[in-house]
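The next block holds one structure in the form of structure tokens; read it before the comments.
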Amino acid sequence: MSLSWEEVEAFADENGFIGEKVYTNHCGNFPVCPPPDPEIAKLETDFWNAYLSKHKKSGKKNQLYQEMFRYEWYEGWGRSGFRGNIEKVIQSIEPGQSPVITILSAGCGRDLLKVGLAAGIWESTAGILIKGTYKEINMNHFRLAKPGARIMLTEFDKTNLKMLHETVNRLIEKGLLTKDMVAIRRWSFRERTPLVANTQDIVVFALTGNYTRENEQPLILREIVRCIKPGGHFVGSTISDKLDFHKARSPLGRIKVMLTTPLALPVAVDFTKWQLRFAKIAGIMNEKGYWANLPAEKWMEFIQPYNMRLVKIYPGPSSFLPVDVLLAQKFPDTLDSDKYI
């Protein structure tokens, strides 16, 4: 039986998280934007299946995507890279004791650890030599500090979704999460989110919106900010249009990648092939009108009509991997946005 969206929302809990079964059964009926051409859809699926994993010589399947997170290749020295800005943004918001946070496209769970630590859901017990380094983002250094927090995590790739469940299960086993604290949903960014309108304190949209056409991004962003409560915040990271995927796969581009991401050196051979594969497919997608890189200023233009006020844009510190982070806040219809903090 087909349900209206209002009926689907009726299956949500007190946090605005829509029940998994009803969402899975009905989300396909509520597209945010039209699906891509079948040729593009197959190209994307085939690419992500190959890109997110590799096979070792032993034949054992290994997640290179997870290895890249492990070595923090995207942050470089001093954790000053483009995802480090998300942490700074979350800390600047100073979430209360019981924040309701959604992380859209959480991958294998690394974003959960980083956002959770930055939001104070966990306190760090790391020693002085580890604190402030990439090694601190490790659940072995965590202590639960905000059991009242509630977190929704999403992913679409089935392999990453499985890994995400494994990460959450380990956190629960260690007493760092409870089953009541977290929900996981499989979500396609071209469909409505598994959230009720005006319910979330913080929504983090990390490096996902770029894998669409430029004319799709306003529709996807409008859907996301729909879920933020008045006074709540949107935190979005976007690859700037300063990045040229064609240059990224040139010989000089390969050298720049290695020089600007030194923590990739432990997996340098696999990393180079992995990144070149990404640059190649990104160039193809660009030529077909997909995978549009847009600066944070443009994203702000898209969401401003929906009661969103710019707080700050954190420009990407790497000129070769220019990823901006946008922090915006929703204000009520009846309140002057210039006075709202």
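The values are calculated or read from the model by the stated rules, or taken from the named source; none is laboratory data. It should be emphasised that the depicted structure is a prediction, and the values quoted were computed from it without experimental measurement. All Cβ positions, glycine included, derive from the backbone under ideal geometry; neighbour counts span all protein chains shown.
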Q.
Where the second residue is loosely packed, with under 12 Cβ neighbours inside 10 Å and the first is in a strand (DSSP E or B) and lies in segment 119-142, which pairs have Cβ atoms under 7 Å and are six or more apart or on separate chains?
A. 122/143; 123/143
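Just to verify a result, which residue in segment 130-156, among those that are over 12 Å from residue 116 (Cα atoms) and polar (S, T, N, Q), is surrounded by the fewest Cβ atoms within 10 Å (Cβ to Cβ)?
As a first pass, look at segment 130-156 and keep what is over 12 Å from residue 116 (Cα atoms): 130-136, 140-141, 148, 154-156.
Narrowing further to those that are polar (S, T, N, Q): 133, 140, 154.
Numbers: 133: 13, 140: 9, 154: 23.
Per the criteria, the residue is 140.
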(Q) Quick check on this structure: which one of 171, 195, 207 is aliphatic (A, V, I, L, M) and free of Cβ contacts under 8 Å to residues at least 60 places away in the same chain? (A) 171
(Q) If I filter segment 16-37 for residues that are touching a Ser or Thr at 6+ places or on another chain (Cβ under 7 Å), outside any helix (DSSP H, G or I) and modelled with pLDDT of 90 or more, do I get at least one hit? (A) yes
Q: Given the conditions (1) out of contact with any helix residue (DSSP H, G or I) (no Cβ under 9 Å at 6 or more places or on another chain); (2) modelled with pLDDT under 90, report the number of the one that residue 143 does not fulfil.
A: (2)
Q: Quickly run through segment 195-233 and pick out the residues that are of a type outside the set (D, E, K, R), in a helix (DSSP H, G or I) and out of contact with any Leu (no Cβ under 9 Å at 6 or more places or on another chain).
A: 218, 219, 220, 221, 225
Q) Scanning segment 156-182 for residues that are part of a helix (DSSP H, G or I) and of a type in the set (Val, Ile, Thr), which turns out farthest from the chain's Cα centre (by Cα)? A) 172
**Q.** In segment 211-227, residue farthest from residue 299 (Cα to Cα) [restricted to those that are basic (Lys, Arg) and modelled with pLDDT of 95 or more]
**A.** 226
**Q.** Odd one out for residue 85 among (1) at pLDDT 80 or above; (2) within 20 Å of residue 177 (Cβ to Cβ); (3) under 16 Å from the mean Cα position of the chain (by Cα)
**A.** (2)
Q: Kindly provide the set of residues from segment 292-325 that are assigned to a loop (DSSP other than H, G, I, E, B), at pLDDT 90 or above and more than 18 Å from the chain's Cα centre (by Cα), ordered by number.
A: 307
Q) Among all residue pairs at least 6 apart or on different chains, which show Cβ distances below 7 Å where the first residue, located in segment 263-291, is in a helix (DSSP H, G or I) and the second is at pLDDT 80 or above and aromatic (Phe, Trp, Tyr)? A) 282/291; 285/291
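Let's see how each residue does on (1) of a type outside the set (Asp, Glu); (2) surrounded by fewer than 22 Cβ atoms within 10 Å (Cβ to Cβ); (3) modelled with pLDDT under 65; (4) on the phi > 0 side of the Ramachandran plot:
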{"residue": "66", "(1), (2), (3), (4)": "yes, yes, yes, no"}
{"residue": "77", "(1), (2), (3), (4)": "yes, yes, yes, no"}
{"residue": "89", "(1), (2), (3), (4)": "yes, no, no, no"}
{"residue": "107", "(1), (2), (3), (4)": "yes, no, no, yes"}
{"residue": "115", "(1), (2), (3), (4)": "yes, no, no, no"}
{"residue": "120", "(1), (2), (3), (4)": "yes, yes, no, yes"}
{"residue": "124", "(1), (2), (3), (4)": "yes, yes, no, no"}
